Amino acid sequence: MLPLLISSQIREADAYTIAHEPISSVNLMERAAKAFVGWFVNHFPDKKQPVSVYCGTGNNGGDGLAIARMLHDHHYKAINVKITRFSDKASDDFNANLKKLQKTVQVTEIKPKDELPAEESDILIDAMLGSGLNKPLKGDYLKLVKHLNQLQKTVVAVDVPTGFFTEGVIDADVTVLKADLVITFQQPKINFLLTESGPVINCWEAVNIGIDEGFLRSLNSPYQFVEEKDIRKMIKPRHKFSNKGTYGHALMVAGQAKTMGAALLCASACAQAGTGLTTACIPESGLTALNSYMPEIMAVIRQGDDLPEIKWEQFTAMGIGPGLGNDESSLALLVYIFTNYKKPVVIDADALNLISEHKELWALIPEGSILTPHMKEFDRLFGEHKSWWGRLQTAIAKAKEHKICIVLKNDYTITATPDGKAYFNSTSNAAMASGGMGDVLTGIIASLLAQKYTPAEACIIGNYVHGKAGDELALPNRMNVVLPGRIVAQLPLTMAKLKP
């Protein structure tokens, strides 16, 4: 996993690398600038296109000065630097890079109360303030950023857009220099992965600058970014001489007469994700649909909250909630299952809403269970939140308190675990924003749980595989929408590619 750090930890990691590699701070800055430029020149190859580099007078500005010099060395013909001299302070590394830059690139200074500069460049590189900002912009910076936003230029930010908080609450009315691209150093910043970044960051790319990875892990950050190499290590191969019993038996309790689609999606996803046996607990009215849709799935027929005699021990995992309904019979069914089934349960959709309405159900939820809410379901469970940072902190706290996993669905879906960790998923795309997608995820996670993955592993792998299947369908084909049924059909191929 890639540790995600708060600003103070980033400074600590920089200092450790400087002291123990060893490398001077100005040479580490040079390495960061080189990594930025390497990415930039491959994606902005027109060297005749004018580029303006806006530099503050701290270390982010020092990065910008080094970048301007290197772009000049790469034969970009129209590089100009604009330094925001809004205070008398300047870092030593900024001054060192300014000295290196002189006589090679045009440099102008913007001082307090100066008239805002004309801007003829098509591309702006933002190297003004960087990480560590903890209060909104004001004064000259606020005025300049508002001016630059109005120009609607292509903006590439160095590490962090000016005005953006890398962690903590971001107010809805905050002013940030909007970035078409952020080339960030070593790892994404935590708030890049939360919804508030959407209006101000179109996309980001993390470039490795050689920070000591052992030290990064030693910081034991609660925030982790899941990469493909992590999933490849976690997924188990299917061995010769194994059989259906090897891969578990999952029960999916879902669907009513008018919502059988949810039951079909979660049960079929469970089967396609590799469960040896999948049984759907559905109303009798849905049996024909189930047999027609996927005859491989067995059925347990329920009448309201009345279930036939069930040997609970035969099921290695259970999922409940998609299309279940919120009526009294659904509540009674939920209570009955929580009372009789003592293994972890994947809880989604209507089952989550019942828990939010009947708080006494919390005491019945089996330890190790997995809750999979979207934003509104999360707030119904745990109270209204004003920010995604607040939801992140609540998810971590509640997962520890209840000894469960919480899968908070979003672009970078978060898995909060009982040990106080939060794992950000790195797959999925906007084409997957379609009804029923959560039902598929519930089936995948229940399938993995049935196959004897731990609850945390089932969540982390399930989120990744779900999003990866969507990426494999949507991105190469430039599909605007990928429906949940297509994800289900893609699962075996996606998982096969990831297995050792």
Quiz item: In whole angstrom, and with the biggest value first, how far do the Cα coordinates of the range 278-355 range along each principal axis?
Solution: 33, 27, 21
Quiz item: Near the amide H of V81, under 5 Å away, which other amide H atoms are found, from residues 5 or more places off or on another chain, if H is placed in the peptide plane?
Solution: V53, Q106, V107, T108
Quiz item: How many percent of the accessible area of the chain is carbon or sulfur, using a 1.4 Å probe?
Solution: 51 percent
Quiz prompt | ³J(HN,Hα), Karplus 6.51/-1.76/1.60, whole Hz, each residue of the range 116-133, x for Gly, Pro | solution = 4, x, 5, 9, 9, 6, 7, 10, 10, 9, 9, 10, 8, 10, x, 7, x, 5
Quiz item: Alpha carbon centre of the range 475-496 versus the range 105-144: separation in Å?
Solution: 43 Å
Quiz item: What residue among S285, A157, L71 has its Cα farthest toward the positive end of the dipole of the chain, where the charges are +1 on Lys, Arg and -1 on Asp, Glu, each on the Cβ?
Solution: L71
Exercise. Give the Cα extents of the range 81-140 along the principal axes, in whole Å, largest first.
Key: 35, 30, 22
Quiz prompt | Contact order relative to length of the chain, as percent, for alpha carbon pairs under 8 angstrom and 6 or more apart | solution = 13 percent
Quiz item: Using the Karplus equation 6.51 cos²θ - 1.76 cosθ + 1.60 (θ = phi - 60°), what ³J(HN,Hα) coupling, rounded to whole Hz, does each residue of the range 349-360 give in order, writing x for Gly and Pro?
Solution: 6, 4, 5, 5, 5, 5, 5, 5, 8, 10, 4, 5
Self-check item: Distance violations [Cα-Cα > 24 Å] among K47/K100; K258/K376; K178/K468; K398/K468; K189/K236; K236/K343
Solution: K178/K468; K398/K468; K189/K236
Quiz item: Could you work out the helix-only [θ] at 222 nm for the chain, with each DSSP H run of four or more residues adding -39,500 (n - 2.57) and the total divided by the number of residues, to the nearest 500 deg cm²/dmol?
Solution: -12500 deg cm²/dmol
Quiz prompt | Heavy-atom surface of the chain, accessible at 1.4 Å and reported per residue (Å²) | solution = 43 Å²
Quiz prompt | Mean separation of Cα contacts under 8 Å, 6 or more apart, over the residue count of the range 52-172: relative contact order % | solution = 30 percent
Self-check item: Accessible area (Å², 1.4 Å probe, nearest 10) - M1
Solution: 70 Å²
Quiz item: If the cut-off is 17 Å between C-alpha atoms, which aspartates and glutamates fall inside it for K135, apart from same-chain ones fewer than 8 positions away?
Solution: E167, D171, D173, E196
Exercise. Apply the Karplus parameterisation 6.51 cos²θ - 1.76 cosθ + 1.60, with θ equal to phi minus 60°, to every residue of the range 10-17 and state each ³J(HN,Hα) to the nearest whole Hz, in sequence, with x for glycine and proline.
Key: 4, 5, 5, 5, 4, 5, 5, 4
Exercise. Multiply the residue separation of T154 and K400 by 0.36 nm, subtract the distance between their alpha-carbon atoms, and state the gained length in nm to one decimal.
Key: 84.2 nm
Practice problem: Mind grabbing the base-10 log of I(q)/I(0) for the chain at q = 0.09, 0.13 Å⁻¹? Debye formula, identical points on the C-alpha positions, no solvent, two decimal places. | Solution: -0.69, -1.13
Quiz item: Under a point spin-label approximation (7 Å from Cα along Cα-to-Cβ), what is the H385-S329 distance to one decimal in nm?
Solution: 3.5 nm
Exercise. Please work out the C-alpha center-to-center distance from the range 287-311 to the range 356-392 and express it in whole Å.
Key: 29 Å
Exercise. Considering Cα pairs under 8 angstrom that are at least six residues apart, work out the relative contact order of the range 150-248 and quote it in whole percent.
Key: 22 percent
Self-check item: Rounded to 5, the percent of DSSP beta bridges in the chain classed as antiparallel
Solution: 15 percent
Quiz item: Could you list, bin by bin from short to long, the percent of Cα-Cα pairs of the range 329-380 in 5 Å steps?
Solution: 4, 21, 35, 27, 11, 2
Exercise. Leaving ligands, DNA and RNA out of it, work out the accessible area of S91 with a 1.4 Å probe and give it in Å² to the nearest 10.
Key: 30 Å²
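The values are calculated or read from the model by the stated rules, or taken from the named source; none is laboratory data. Since the model is a prediction, treat every value here as computed from it, not as a measurement. As a convention, Cβ positions derive from the backbone with ideal geometry for all residues, glycine included, and neighbour counts pool all protein chains shown. Each accessible area value is taken on the protein alone, full model and side chains, heavy atoms only, with ligands, DNA and RNA left out. Shrake-Rupley method; radii C 1.70, N 1.55, O 1.52, S 1.80 Å.
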